[in-house]
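The values are calculated or read from the model by the stated rules, or taken from the named source; none is laboratory data. A quick note: this is a predicted structure, and the numbers were derived from the prediction, not measured. Neighbour counts run over all protein chains shown; Cβ positions are idealised from the backbone, glycine included. Ligands, DNA and RNA are excluded from the accessible area calculation, which covers all protein heavy atoms including side chains. Shrake-Rupley method; radii C 1.70, N 1.55, O 1.52, S 1.80 Å.
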Amino acid sequence: MKILRAMILTGEGAAGLGVLTCLVLAALTAPLFFPGDPLAIVGPPLVSPFSDTAYPLGTDRLGRSVTVELIYGARTTLLVAITSAATALGIGALVGTLAGFFGGIVDEVLMRITEAFQTIPAFLLSLAFISVTGPAIPTIVLAIALGAWPQPARIARAEVLSLRERDFVAAARVVGMHPLEIAVREILLNALTPVVSLAAVIVAAAVLIEAALSFLGLGDPNRVTWGSMIAEGRTVLRGAPFLSIVPGLALVVTVLAVHLTGRGFVAAIGARRIEA
Amino acid sequence: MDRAPVLEVSDLRKSFTHRGRTTIALRGVHLAIGHRETLALAGPSGSGKTTLARCILRLIDPDTGGLRFNGIDLAALRGAQLRAVRPRIQMVFQDPMAAFNPRATVARIVEDPLRVHDLVPRAERRAAVRDLLARVSLPVDIADRRPHEISGGQRQRVAIARAIATRPDLIVLDEPVSSLDVSVRAQILNLLMDLQAETGVAYLLISHDLAVVRAVARRVAVMDAGRIVESGEASQVLAAPQSPATLAMVQAVPRLKTVA
Amino acid sequence: MSAAPFLSVRGLGVHYRDGRRRVAALHDVDFDLALGGRLALVGESGSGKSTLALAIAGLLPENASITGTISFPSLGAAPRPGRDLGVVFQDPGGSLNPVLSIGDQIAEIVVVHRGVSWRAARSIAAELLDRVRIPQAQARLHGFPHEFSGGQRQRIAMAAALAGEPRLLIADEPTSALDTVVQRELVLLLDELVRERGLTLLFVTHDIALASELADEVAVLLGGRMVEHGPIGSVFAAPAHAYTRALLETRLDLDTPLSARLLEIDGQTFTVRRPSEMSNG
């Protein structure tokens, strides 16, 4: 994949992809290295990090291993973030393309709906949704996607509007292509590039919203997430700050890595465009 | 003309309304093109040439007026019926780069008309594409390249290959050589003339460059402000222009001075 | 009368760095241009004509490296863009800032290069716009580039290029994006402006007839080399290089009769392809 190679060539893309790859690998192999329930009590409570090799990052108030919790937390975080971003991009791209392609009343209706969602702050929207449906992975994913889809929708629509006027679309009509084929093959696929560059931003935001929801106790109660770890650590913040700092650092590193990957992607795409 | 005209346009009118202001693009255009004939459509920018071309191709709909193609009322066709007629009228655009899907390969571009209208069974399409590329003097290995990887002249040849794939009766050429290097223009024009001699296709050649008109078109129609103000044999019209628009265009052509 | 030329180019070569490759755009270009002279650079895409013009203007991109020298003997120092030389580009939309009014853009150039007050600068801007025949110049000062047609934008670009009162005007295919009638108006205007201000003109074009109308010297570029250079009348009357001959022979103009076959230039040898040599099929 030429884009992948170009991304790695930019320093940011390499750094971002490197960190993300480690994260994904750790998340995927977690059950291999740390089998069992991450919420199981494995040792004495509040062991400091780097003091005992059995618990490299220490233990929390109940004696659960922070390392195990961290890695299992990564699974939830990545799962939720990527799924909700994909959902948001999917809904947004579809709505935006339909609005841009058909125009007229379809465009008006879809855009008013998009604006309605956009005026409500994303986090509050997610909060409200979760309080109604109750916390579980699917509902959390949907809650985050609901706040994030308007942006890709706008971008997709703008791209489609500009693509519609281009000569190659007219050429497709002259050739006699069916409008649906034109919409998908000629327009949609070309409109996706700027939408995909949004992916990094949405994933990063999703990570943070998920953490915030968990922190507030609205996350899935059966799973460990970095947000719930920070919430747990709140009560002993003075005595054992590491319980909140460690997952907090993990969040920072992840969000940074996603941003860097996004920038590497945009740079790689941009570089190719100039080449042409 | 011993055959019925391929295209007959009568009293075609079109206006655009944007934010309350109406611009009249076509004020009643009449023209006819016959089999194996090249009619040049010349005129300054804004004269309505592009609008007329788009109406003829039914990319936009004229307001009123007659548009008969091979005897069929082209203006009345819609949807699937219109798409069924498309193979008979094709177009070559001014900017070959803009006329192709940036993600498509040459092979796909040339294959599209064959596939959309099911003119060739799938197994034979690759061979049909090869034949078309050879017809426009392109090397076969160009089929897997993308538009931005080949030269301007080659791109225009691909556009011509796509246009002739369905063996149309009429091809609209919108400034086919304006964006090409001077040395490539003759090659493309020669190719177009050869194809016309072989297949009998009619051309509507839109050009603001009268030298190109003079070199390839027998008849010319000059447009100004939405109307055809002068038409006739190109050699006569350009040698003795009657209308102010034609005169301005003729005087605007740069002339080679060989004395200091 | 000084014998020193206004512009002197010696052994000029330009390379672009593209990833790991080095692409040569110009080789070994030598020529002089006298003060008040008008030189046309003729060639096709890839010939290096635009690269040469941009090199002289000091506008080559960062990945370009120059060998050889470009000197302006009478200026003493390197030319200051805007003040000593002005540039008009091919794309009428590209050389004007879309978010500034045309009055502001031109006035800014006047303020920076001629050191007058904003008020005086705006008044000079209105005069310049009037000179390039923008109707109702004073009122149109507040207009934005997108409100004008392509031909008008190019005229505004000319006004901007001349606002700093430069000695040299470089025009890179200024009319290629315009239709013939608008091109004619622009060329006439350019001719007048160059004449009345005693400017030295360097202009790039692919149209040799246009070159002959506007310039008194011509340089023909092919594959990055200058293959011919001299007074325009004699070069076109008796070209020394085969490529120049080919360009002249294959030229289309209003006297070209309607024929079944136009003369082509061979892509390898850059000479005219004779009918007997052409293979069919």
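Could you estimate the translational diffusion coefficient of the range C:110-239 from the Stokes-Einstein equation, with Rh from the Kirkwood formula over C-alpha pairs, at 20 °C and 1.002 mPa s, in whole µm²/s?
The estimated diffusion coefficient comes to 132 µm²/s.
How big is the C/B interface in buried accessible area, both sides summed, 1.4 Å probe, to the nearest 100 Å²?
The buried area between C and B, both sides summed, comes to about 3100 Å².
Ignoring the sites themselves, what is the longest stretch of chain A with no trypsin sites (Lys or Arg not before Pro) in a DSSP loop and at most 14 other beta-carbon atoms within 10 Å?
With a cap of 14 other Cβ atoms within 10 Å, the longest stretch comes to A:62-237.
Simple spin-label model, 7 Å along Cα-to-Cβ: C:Asn97 to B:Thr199 in nm?
Result: 5.1 nm between the two label points.
Which of these, B:Val182, B:Val120, B:Val85, has the largest mean-square fluctuation under a Gaussian network model of chain B (Cα springs below 10 Å)?
The residue that fluctuates most here is B:Val182.
Counting pairs of alpha carbon atoms under 8 Å apart in space and at least six apart in sequence, what relative contact order in percent does chain C give?
23
Per residue of C:175-186, how many C-beta atoms from partner chains lie within 10 Å of its own C-beta, taken as a mean?
Going residue by residue through C:175-186 and averaging, the value is 5.
How much of the accessible area of the range B:67-173, in percent, comes from carbon and sulfur atoms when a 1.4 Å probe is used?
46
Give the Kirkwood hydrodynamic radius (Å, one decimal) of chain A, defined as one over the mean of 1/r across all pairs of different Cα atoms.
Hydrodynamic radius (Kirkwood, Cα only) of chain A equals 20.6 Å.
Using amide H atoms built in the peptide plane, which far-off residues or other-chain residues are under 5 Å from C:Val88 H to H?
Answer set, sorted by chain and number: C:Ile170, C:Ala171, C:Asp172.
Taking θ = phi - 60°, what integer Hz values does the Karplus form 6.51 cos²θ - 1.76 cosθ + 1.60 yield along the range B:171-182, in sequence order, with x for Gly and Pro?
10, 8, 9, 9, 6, x, 10, 4, 9, 9, 4, 4
What is the extension gain from C:Gln268 to C:Ser65, computed as 0.36 nm multiplied by their sequence separation minus the C-alpha to C-alpha distance, in nm to one decimal?
70.3 nm
Any chance you could check the Cα centroid distance between the range C:1-66 and the range B:223-258 for me, in angstrom?
38
Just check the range C:24-91 against the gyration tensor rule for me: Cα atoms, a ≥ b ≥ c as the square roots of the eigenvalues, rounded for a/c under 1.5, and otherwise prolate or oblate depending on whether a/b exceeds b/c.
rounded
B plus A alone minus the pair: what accessible area, both sides summed, probe 1.4 Å, in Å² to 100?
1900
How big is the antiparallel share of DSSP beta bridges in the protein assembly as shown, given as a percent to the nearest 5?
55
Based only on Cα atoms, what Rg/Rh ratio does the range B:7-251 have, Rh being taken as Kirkwood's radius?
Checking Rg against Rh, the ratio lands at 0.97.
What part of the accessible area of chain C, given as a whole %, is carbon or sulfur when the probe is 1.4 angstrom?
Ligands and nucleic acids excluded, carbon and sulfur give 52 percent.
Please give the FRET efficiency for C:Ser8 paired with C:Ser123, using the beta carbon to beta carbon distance and R0 = 35 Å, rounded to the nearest 0.05.
0.40
How large is ³J(HN,Hα) for each residue in the range A:92-109, as worked out from phi by the Karplus curve 6.51 cos²θ - 1.76 cosθ + 1.60 (θ = phi - 60°), to whole Hz, x for Gly and Pro?
x, 4, 5, 4, x, 5, 4, 4, x, 6, 8, x, x, 5, 4, 4, 4, 4
Can you give me the solvent accessible area of A:Trp149 with a 1.4 Å probe, rounded to the nearest 10 Å²?
That residue has around 20 Å² of solvent-accessible surface.
Using alpha carbons only, how many degrees (0 to 90, rounded to 10) separate the axis of helix A:137-148 from the longest principal axis of chain A?
Compared with the principal axis, the helix lies near 50 degrees.
Report, in degrees rounded to the nearest 10, the 0 to 90 angle that the Cα long axis of helix A:11-33 makes with the longest principal axis of chain A.
50
Kindly state, to the nearest 0.05, the FRET efficiency for A:Phe34 paired with A:Thr119, given R0 = 60 Å and r defined as their beta-carbon distance.
Rounded to the nearest 0.05, the efficiency is 0.85.
In a Gaussian network model over chain B where Cα atoms closer than 10 Å are linked, find which of B:Gly20, B:Gly71, B:Gly232 has the largest mean-square fluctuation.
Result: B:Gly20 has the largest fluctuation of those listed.
Going 7 Å from the Cα of B:Ser137 toward and past its Cβ, which residues in the range B:187-216 have a backbone nitrogen under 14 Å from where you end up?
Flagged as within label range: B:187-196.
What order do you get for A:48-55, C:86-93 when each peptide is scored by the mean count of other beta carbon atoms within 10 Å, highest first?
Final packing ranking: C:86-93, A:48-55.
Could you work out which residue, out of C:Phe72, C:Phe203, C:Phe270, moves most in a Gaussian network model of chain C, that is, has the largest mean-square fluctuation with Cα springs under 10 Å?
Taking springs between Cα atoms under 10 Å, the residue moving most is C:Phe270.
Using only Cα atoms, find the angle between the long axis of helix A:150-164 and the longest principal axis of chain A, and express it within 0 to 90 degrees, rounded to the nearest 10.
20
Taking the Cα centre of chain C as origin, work out the dipole magnitude from +1 charges on Lys and Arg Cβ and -1 charges on Asp and Glu Cβ, in debye rounded to 20.
620
Rounded to the nearest Å, what's the spacing between the alpha carbon centres of the range C:153-178 and the range A:144-211? Just the number, please.
If you average the Cα positions of each part, the centres end up 39 Å apart.
Keeping every protein chain present and rolling a 1.4 Å probe, give me the accessible area per residue for the protein assembly as shown in Å².
Each residue of the protein assembly as shown exposes 45 Å² on average to a 1.4 Å probe.
Mind putting together the pair-distance distribution for the protein assembly as shown? All Cα pairs, 10 Å bins, whole percent per bin, short to long.
Computed distribution, short to long bins: 2, 10, 17, 19, 18, 14, 9, 6, 3, 1, 0.
So, in nm, how far is label B:Ala240 from label B:Ile24 when the simple model puts each one 7 Å beyond its Cα toward the Cβ?
Those two pseudo-labels are separated by 3.1 nm.
Taking the simple approach of a point 7 Å from Cα along Cα-to-Cβ for both B:Ala128 and B:Ile72, what is their distance in nm?
1.8
Run the dipole for chain B about the Cα centre, Lys and Arg Cβ at +1, Asp and Glu Cβ at -1, nothing else charged, and hand back the magnitude in debye, nearest 20.
520
By how many nm would the segment from A:Thr53 to A:Leu256 grow when fully extended, if each residue of separation counts as 0.36 nm and the alpha-carbon distance is taken off?
Here the answer is 70.2 nm.
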